[in-house]
Amino acid sequence: MHGLPDRTYAVYLGLDVGKDTHHATALDTSGKRLHDKALPQDEARLRALYEQLSTVGPVLVVVDQPASIGALPVAVARAAGVDVAYLPGLAMRRIADLHPGAAKTDARDAFVIADAARTMPHTLRRVDMNDDALADLEVIVGFDDDLAGEVTRVTNRLHGLLTQIHPALERALGPRLHHKAVLELLARFGGPEGLRTAGRRRLTSVAKPRAPRSYERIIDAIMAALDEQAVTVPGTRAAELVIPKLATQLAGLLEQRATVAAQVEEILDAHPLSQVLTSMPGVGVRTAARILLEVGDGTAFPTPGHLAAYAGLAPVTRRSGSSIRGEHPSRSGNKNLKRAFFLSAFAALHDPTSRAYYDRKRAQGKKHNAALICLARRRCDVIYAMLRDGTLYQAPATAAA
């Protein structure tokens, strides 16, 4: 198994982890069950089971989640000197289809995990040894993901309200909705009625300190939009009450995300591969953090193709008999990692090498998203090499971007 010590195990312990109780199934090399019981989420009980099984021989503990509710079993195993790995969810679902029975139970899942470790060790992934930095990163990035979801929800709500009561105002402010000046204007004065009542002078006094270079364009766009609609749409009065609250909420969420980004950067700086990843055009702090969380140092993947397949970037050929219907983007893989590669490819379009490759794909007839996927796949190979060698991104003369 790539990434784990090259040793033979006498016991394969599969843990289907749970919030309060795990299910533990231990198999020997012949597949005989040595243990098959519920296991409380408790350090003493975990340690006792590991020590008991260690009397048979070297133990490999395999979990289906190495973080969150699976963090304690992993930490106790490490403290007890027991090797740990995890079985990714996609691989587990596919392997489970090979076992008889359709029931979805903790006991069956634990057996599938243990049996996969025993018979298909290549499906396992190493639990990264850089625990402290990655565990902290997992918590902070998870919180940032939650904040991002809330930002999207509140932003969409604001767009919807403005479109409902005053489409012209939404067209004027929609592209600038995350700007501090725009949010402060909406928080203080509300919707079209409040902005119209405030007048240009008051709007300018609020916007100018928060947008010294663009406040005039913002105010001109607002005033022009207000002149486009004289009729008052039903629901406007209620919207005038709700819009300030949504704007205040959105401003707070964006401020929290900025604070979290600084915290992510601070934690990321402690990881030896952070500078490697962020040296590549289009890979920012959040993208680098996501790649580290999902890929680690890359040693779990024998080739760039394995990493691309794991990320869902490898094209899939549709074939039936002698009929080949061409290659299509994969719908499987790690969605978080695929999104990180996709967004970093989009952000890299300012880079001349990446842009040239993207333009070539567009010239071949590919649509925007398809061309970005091709670029993300190409960049995946480069990132794999950078992680493998621990080297910074190099110019196109010595490395393909």
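The values are calculated or read from the model by the stated rules, or taken from the named source; none is laboratory data. Note that this is a predicted model, so its numbers are computed, not measured. A quick note on method: Cβ atoms are made from the backbone with ideal geometry, for glycine too, and the neighbour counts reach across all protein chains shown.
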How many residues does the range 346-401 hold that are assigned to a loop (DSSP other than H, G, I, E, B), among the hydrophobic types (A, V, I, L, M, F, W, C) and surrounded by 15 or more Cβ atoms within 10 Å (Cβ to Cβ)?
-> 2
Please state which of the following conditions residue 268 fails to meet, knowing it meets all the rest: (1) over 28 Å from residue 337 (Cβ atoms); (2) modelled with pLDDT under 95.
-> (1)
Is it fair to say residue 371 is more than 27 Å from residue 275 (Cβ to Cβ) and modelled with pLDDT of 95 or more?
-> no
What number of residues within the range 190-207 satisfy the criterion of being without any contact (Cβ under 8 Å) to a residue 24 or more places away in the chain and on the phi < 0 side of the Ramachandran plot?
-> 8
The range 216-260, subset crowded, with 17+ Cβ neighbours inside 10 Å and out of contact with any Leu (no Cβ under 9 Å at 6 or more places or on another chain), residue nearest to residue 133 (Cα to Cα) = 249
Considering 63, 56, 11, 17, which residue is in contact (Cβ under 8 Å) with a residue 40 or more places away in the chain and either surrounded by fewer than 16 Cβ atoms within 10 Å (Cβ to Cβ) or out of contact with any strand residue (DSSP E or B) (no Cβ under 6 Å at 6 or more places or on another chain) (or both)?
-> 56
Return the only residue of 267, 291 being more than 16 Å from the chain's Cα centre (by Cα), surrounded by 20 or more Cβ atoms within 10 Å (Cβ to Cβ) and of a type outside the set (Lys, Arg).
-> 267
